[in-house]
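The values are calculated or read from the model by the stated rules, or taken from the named source; none is laboratory data. None of the values given here were measured: they were computed from a predicted structure. In this analysis, Cβ positions are derived from the backbone assuming ideal geometry, glycine residues included, and neighbour counts consider all displayed protein chains.
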Amino acid sequence: MRMIGPLLLLTVVLTACVGDAPSSIAYADVPLVGDVSRGEVLYNEPINGIASCLSCHQPGAVAAPVLDGYAALAAERVAGESAHEYTFYAIAEPARHIVEGYGNVMPNTYDEALSPQEMADLIAYLLSL
């Protein structure tokens, strides 16, 4: 009986994840300049009922990597992709770039919940870390 709660939570998280679903927002539609302070708010708060980024990307979390020094890592993660582009796809199509040691548990609906400007703001914040 004690396992029902965790199993239900795992089912909900995995249901929100899909392999290679195309993004609802095209990368070309996302401004290259975002507002870091608005991005920080988006990072720390739930987005249209979706868990906040901070809920998984925090020290001690096991579901997702901590994002300290993220900009430098993002710039080198995928050959031929800028840090901005890598970050867009990491948010919009999380199955596209799975960090070694982690599974595909990130919800793949942030691109539906964010406007292109909000996506730019969130990217700007992440690249400021």
Inset, instruction - Could you check, for region 69-79, whether at least one of its residues is farther than 18 Å from Val30 by Cβ and either assigned to a loop (DSSP other than H, G, I, E, B) or among the hydroxyl-bearing types (Ser, Thr, Tyr) (or both)? - result: yes
Inset, instruction - Output the number of residues of region 93-129 satisfying the condition of being assigned to a helix (DSSP H, G or I) and at pLDDT below 95. - result: 7
Legend entry - Unmet criterion (only one of (1) part of a helix (DSSP H, G or I); (2) touching a helix residue (DSSP H, G or I) at 6+ places or on another chain (Cβ under 6 Å)) for Val41: (2)
Inset, instruction - Scan (1) in contact (Cβ under 8 Å) with a residue 40 or more places away in the chain; (2) in contact with a Pro (Cβ under 8 Å, 6 or more places away or on another chain) for the single condition His57 breaks and write down its number. - result: (1)
Inset, instruction - Within region 47-68, work out how many residues are more than 15 Å from Leu129 (Cα to Cα) and in a loop (DSSP other than H, G, I, E, B). - result: 10
Inset, instruction - Take Gly34 and decide whether it is touching a helix residue (DSSP H, G or I) at 6+ places or on another chain (Cβ under 9 Å) and modelled with pLDDT of 90 or more. - result: yes
Inset, instruction - Go over the candidates Leu8, Leu73 one by one and state the one that is hydrophobic (A, V, I, L, M, F, W, C), over 17 Å from Gln117 (Cα atoms) and at pLDDT 85 or above. - result: Leu73
Inset, instruction - Could you give me the residue pairs with C-beta distances under 8 Å whose first residue belongs to region 67-79 and is without any contact (Cβ under 8 Å) to a residue 12 or more places away in the chain and within 18 Å of Arg96 (Cα to Cα), whose second residue is surrounded by 15 or more Cβ atoms within 10 Å (Cβ to Cβ) and among the small types (Gly, Ala, Ser) wherever it lies, and which are 6+ apart or on separate chains? - result: Ala75/Ala83
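Is it the case that region 109-122 has a residue that's among the acidic types (Asp, Glu) and without any contact (Cβ under 8 Å) to a residue 24 or more places away in the chain?
Looking for residues that are among the acidic types (Asp, Glu) and without any contact (Cβ under 8 Å) to a residue 24 or more places away in the chain, one finds none in region 109-122, hence no.
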Inset, instruction - Within region 46-62, identify whether any single residue is closer than 20 Å to Tyr27 by Cβ and of a type in the set (S, T, N, Q), and answer yes or no. - result: no
